[in-house]
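Provided herewith is a single structure, encoded as structure tokens, for subsequent inquiry.
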Amino acid sequence: TNCEDDCKLYNCMKNVNSSLSKVLGVFYFSVVKMRCFAYDYPLMCTSYNRFYIPLLTKRCKKYEPDTSKPKAWAIFTQPNFLEV
């Protein structure tokens with residue numbers, strides 16, 4: 001799906017804050033873990049996890065756009081509905 005549309009859907013579900021919006025948000029963003037696509041700069045890691053444990057933690061803690069490279073179509077991971 002398109003990242004811009006998913007961002008609108010995510011914010012709408014958070015703002016409505018009803019039991020139905022929570023169930024749908026958790027299912028779509030946290031259980032199914034839908035990915036989205038966008039035409040943007042590639043991401044680069046700007047902050048690494050000091051205590052990286054394979055399969056348990058992520059190596060990178062923070063990503064930012066790498067504006068030194070050209071924009072391209074890419075697939076992105078959506079935020080977890082329960083963590084944000």
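Bear in mind these aren't lab numbers, they're just calculated from the coordinates by the rules spelled out. Note that the coordinates shown come from a computational prediction; the quantities given were computed from them, not determined experimentally. Virtual Cβ from ideal backbone geometry, glycine too; neighbours counted across all protein chains shown.
Among (1) touching a residue at least 12 places away in the same chain (Cβ under 8 Å); (2) more than 15 Å from Gln78 (Cα to Cα), there is one condition Phe37 misses while meeting the rest; what is its number?
So Phe37 meets the others, but not (2).
Next question. Name the residues in region 34-84 that are within 20 Å of Asn2 (Cα to Cα), among the charged types (D, E, K, R) and surrounded by 12 or more Cβ atoms within 10 Å (Cβ to Cβ), would you?
Passing the criteria: Arg35, Asp40, Lys71.
May I pose another question? Out of region 48-84, which residues are under 25 Å from Asn11 (Cβ atoms), without any contact (Cβ under 8 Å) to a residue 40 or more places away in the chain and either assigned to a strand (DSSP E or B) or touching a strand residue (DSSP E or B) at 6+ places or on another chain (Cβ under 9 Å) (or both)?
Within region 48-84, Cys60, Lys61, Lys62, Tyr63, Glu64, Pro65, Lys71, Trp73, Ala74 qualify.
Which residues, counting only those in region 10-47, are polar (S, T, N, Q) and part of a loop (DSSP other than H, G, I, E, B)?
Residues satisfying the conditions are Asn17, Ser18.
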